[in-house]
Amino acid sequence: MKAQPKASHFVDGAYLEDKAGAAIEVIYPATGEVIAVVHEATPAVVEAALASATRAQGAWAALRPVERARILRRAADLIRERNPDLARLETLDTGKPVQETLVADWPSGADALEYFAGLAPTITGETIPLGRDFVYTIREALGVCVGIGAWNYPSQIACWKSAPALALGNAMVFKPSEVTPLGALQLAEIYIEAGLPPGLFNVVQGRGAVGGALVTDPRVAKVSLTGSVPTGQKVYAAAAAGVRHVTMELGGKSPLVVFDDASVEDAVGAAMLGNFYSAGQVCSNGTRVFVQKGIKARFLKSLAARTAKITLGDPLDEATQMGPLVSAAQLDKVLGYIETAKAEGATLVCGGERAALNSGFYVQPTVFADVTDAMTLAREEVFGPVMAVLDFDTEDEAIARANATEFGLAAGVFTADMARAHRVVGQLQAGTTWINAYNLTPVEAPFGGAKSSGVGRENGHAAVEHYSQIKSVYVGMGPVDAPY
Ligand code: NAD
């Protein structure tokens, strides 16, 4: 299996190679095979990317918004036309089953391009009357934005960051995760084919040091990171030194609270989606499932039965429901958390082992019950198919325990009592919440975290705030009344 791109980077409208950069092997997680090699960006590549973005941005921002929008819409159409091939490449890059990548990854990226294309021409300023004088406001682009991606939704992340950035007149230099470098290069090609002028969307490969070089460059106006909290703290601090705008989409340990009166089957289905989709490698997963004691037995019985039926296998087979984890390192980390949960006394309901499939990085879908708040499994982000079920008695107790974490990315509530649903969701400390649903993230809705899980929002009208700034223009209409 090979998925070698034409070159490692995409700069100023064309592929660019510089083999002086350290090699990064791209590994197909289902077999452990090396499917491509890319090279880390050298300082010369980083310079070329930033210089071309800086050169191109002014003319792009000066276009009519409908002209920018037309190009984004064309790019969205190209993504949809090529979705089967793009989904296959995403599967090779991440190990996620095509059953998912065909419907979730690039399609949600195309949604973002379409959405922000539609939104861009509607962005206007306001006029503020002041009697004789007045002020009007202009919403301007920020300039050159840096996007840094995680490996779990590499192409979706590249689209979710570049679509609002470009729609509002910015340029972007995007650094994918070194674990999944392939999808963003396809996006760069598609943008050029759709008519985007060269330099407005550049892709440079590399590890943290390349990200660090981008974040601290004086030409950069904004940094949008999707990654873990520790990386977010570093990148936020580095961006702060240059007083740059930031969007931080970071990790979570989100609660899903299931009350006795909920539909048990719906809640079980949502808990499974919120723990096993993408083999559990989703930032907003509901990894602390609080189940009210009256339905605990029924909930666990159904959960165990439905989990036992999940089909693990070749991610390129459309019948496969769960693929491997993204890397050997992630496999070790997740197996380590499983062993810790066993040692700390959680009750293993199902799974709990590596799944022996080829030489891929597979873990069985795993459920632990009787998890307590103090256990490592209830406190740290695992990023694998490992669900923790905790019991509770009262609503107030569930809210207090759900909020007792540094994270605040997402939260969910299942109940038939709508007054309670709104009351509880109103008190949960999280940026993205669901009532009787979980992990649905349509582009129309703002997405992001509270507390340590993030700053800023992606998607929805909210993203406009994070890729533009307001200029106030005071217009004096009469003589200047100076006292000297
Ligand atoms: P990570 O933090 O290890 O890396 C994220 C990116 O940051 C990578 O591209 C990496 O190369 C880069 N990076 C690392 N150090 C850097 C530095 N010092 N300066 C600049 N860039 C640096 O995260 P990961 O393991 O790739 O992804 C998993 C994490 O991402 C999880 O914590 C998950 O919750 C989070 N995530 C959050 C969201 C969200 O929208 N909130 C979405 C997906 C993933």
(request) Could you tell me which residue of the stretch 279-301 is surrounded by the fewest Cβ atoms within 10 Å (Cβ to Cβ), considering only residues that are in contact with an Asp or Glu (Cβ under 9 Å, 6 or more places away or on another chain) and farther than 27 Å from Leu331 by Cα? (result) Lys293
(request) Name, by its number, the condition in (1) surrounded by 23 or more Cβ atoms within 10 Å (Cβ to Cβ); (2) at negative phi that does not hold for Ile138. (result) (1)
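Please go through the stretch 213-244 and give me each residue that is touching a residue at least 40 places away in the same chain (Cβ under 8 Å) and near the ligand (Cβ under 9 Å from one of its atoms), ordered by number.
Initial filter on the stretch 213-244 (touching a residue at least 40 places away in the same chain (Cβ under 8 Å)): 213-215, 217, 219-229, 232, 235-236.
Within the stretch 213-244, Ala213, Leu214, Val215, Val223, Leu225, Thr226, Gly227, Ser228, Val229, Gly232, Val235 meet the criteria.
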(message) Exactly one of these conditions fails for Thr124: (1) in a helix (DSSP H, G or I); (2) open to solvent by 20 Å² or more (accessible area, probe 1.4 Å). Give me its number.
(response) (1)
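From the list Leu300, Leu312, which residue is under 30 Å from Gly95 (Cβ atoms), of a type outside the set (D, E, K, R), more than 16 Å from the ligand (Cβ to nearest atom) and over 25 Å from the mean Cα position of the chain (by Cα)? Step through it out loud before you land on a result.
On the way: Leu312 fails: over 25 Å from the mean Cα position of the chain (by Cα).
That would be Leu300, the only listed residue that is under 30 Å from Gly95 (Cβ atoms), of a type outside the set (D, E, K, R), more than 16 Å from the ligand (Cβ to nearest atom) and over 25 Å from the mean Cα position of the chain (by Cα).
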(request) Test each condition in (1) touching a strand residue (DSSP E or B) at 6+ places or on another chain (Cβ under 9 Å); (2) over 29 Å from Tyr236 (Cβ atoms); (3) in a loop (DSSP other than H, G, I, E, B) for Ser177 and report the one that comes out false. (result) (2)
(request) Sort through Thr307, Thr320 and tell me the only one that's assigned by the TED database to the domain that holds Asp266, surrounded by 14 or more Cβ atoms within 10 Å (Cβ to Cβ) and part of a helix (DSSP H, G or I). (result) Thr307
(request) Look through Ala163, Ala112, Ala117 and report the one residue that is open to solvent by less than 10 Å² (accessible area, probe 1.4 Å), closer than 26 Å to Met248 by Cβ, at pLDDT 95 or above and within 14 Å of the ligand (Cβ to nearest atom). (result) Ala112
(message) As an exercise: evaluate Ala75 against (1) closer than 22 Å to Val215 by Cα; (2) in a helix (DSSP H, G or I) and give the number of the one condition it does not meet.
(response) (1)
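Can you tell which of Val334, Val371, Val389 is under 30 Å from Asp93 (Cβ atoms), touching a strand residue (DSSP E or B) at 6+ places or on another chain (Cβ under 9 Å) and open to solvent by less than 30 Å² (accessible area, probe 1.4 Å)?
Working: Val371 fails: under 30 Å from Asp93 (Cβ atoms); Val389 fails: under 30 Å from Asp93 (Cβ atoms).
Being under 30 Å from Asp93 (Cβ atoms), touching a strand residue (DSSP E or B) at 6+ places or on another chain (Cβ under 9 Å) and open to solvent by less than 30 Å² (accessible area, probe 1.4 Å) holds for just one of Val334, Val371, Val389, which is Val334.
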(message) Being more than 16 Å from the ligand (Cβ to nearest atom) and either without any contact (Cβ under 8 Å) to a residue 60 or more places away in the chain or in contact with a strand residue (DSSP E or B) (Cβ under 8 Å, 6 or more places away or on another chain) (or both) is the filter here; which residues of the stretch 421-455 pass it?
(response) Ala421, His422, Arg423, Val424, Val425, Gly426, Gln427, Leu428, Ile435, Asn436, Ala437
(request) Please list, ordered by first then second residue, the pairs with beta carbon atoms under 8 Å, 6 or more apart or interchain, first in the stretch 192-212 and on the phi > 0 side of the Ramachandran plot, second within 16 Å of the ligand (Cβ to nearest atom) and open to solvent by 40 Å² or more (accessible area, probe 1.4 Å). (result) Gly206/Glu178
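Which is hydrophobic (A, V, I, L, M, F, W, C), open to solvent by less than 10 Å² (accessible area, probe 1.4 Å) and farther than 19 Å from Gly456 by Cβ, of Ile79, Ile71?
Numbers: Ile71 fails: open to solvent by less than 10 Å² (accessible area, probe 1.4 Å).
None of the others qualify; the one that does is Ile79.
Kindly indicate whether any position in the stretch 272-280 is near the ligand (Cβ under 7 Å from one of its atoms) and assigned to a helix (DSSP H, G or I). Let's see the steps before the verdict.
The first filter runs over the stretch 272-280 and keeps only residues near the ligand (Cβ under 7 Å from one of its atoms), leaving none.
No: zero hits.
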(request) Just name the residue that is most open to solvent (accessible area, probe 1.4 Å) out of those in the stretch 466-484 that are out of contact with any Leu (no Cβ under 8 Å at 6 or more places or on another chain) and under 20 Å from Trp60 (Cβ atoms). (result) Ile470
(request) Tell me which residues, restricted to the stretch 174-195, are away from the ligand (no atom under 12 Å from the Cβ) and either among the β-branched types (Val, Ile, Thr) or open to solvent by 10 Å² or more (accessible area, probe 1.4 Å) (or both). (result) Gln186, Glu189, Ile190, Ile192, Glu193, Gly195
(request) State whether the residues of the stretch 85-96 include one that is open to solvent by 20 Å² or more (accessible area, probe 1.4 Å) and either more than 30 Å from Gln281 (Cα to Cα) or outside the structural domain of Leu168 (by the TED database) (or both). (result) no
(request) Could you please find all residues in the stretch 245-259 being within 12 Å of the ligand (Cβ to nearest atom), of a type outside the set (A, V, I, L, M) and out of contact with any Asp or Glu (no Cβ under 9 Å at 6 or more places or on another chain)? (result) Ser254
(message) Need pairs with beta-carbon distance below 6 Å; first residue within 13 Å of Ala271 (Cα to Cα) and within the stretch 282-302, second within 14 Å of the ligand (Cβ to nearest atom) and in a helix (DSSP H, G or I); sequence gap 6+ or separate chains.
(response) Asn285/Gly274; Asn285/Asn275; Gly286/Gly274
(request) Residues being closer than 21 Å to Tyr28 by Cβ and assigned to a strand (DSSP E or B): count how many of those fall in the stretch 334-376. (result) 2
(request) Report, by residue number, each residue of the stretch 322-353 that is polar (S, T, N, Q), under 25 Å from the mean Cα position of the chain (by Cα) and closer than 17 Å to Met387 by Cα. (result) Gln330
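The values are calculated or read from the model by the stated rules, or taken from the named source; none is laboratory data. Keep in mind that what you see is a predicted model, and the values were worked out from it rather than measured. Cβ: placed from backbone, ideal geometry, glycine included. Neighbour counts: every protein chain shown. The accessibility values were calculated without ligands, DNA or RNA, using every heavy atom of the protein model including side chains. Shrake-Rupley method; radii C 1.70, N 1.55, O 1.52, S 1.80 Å.
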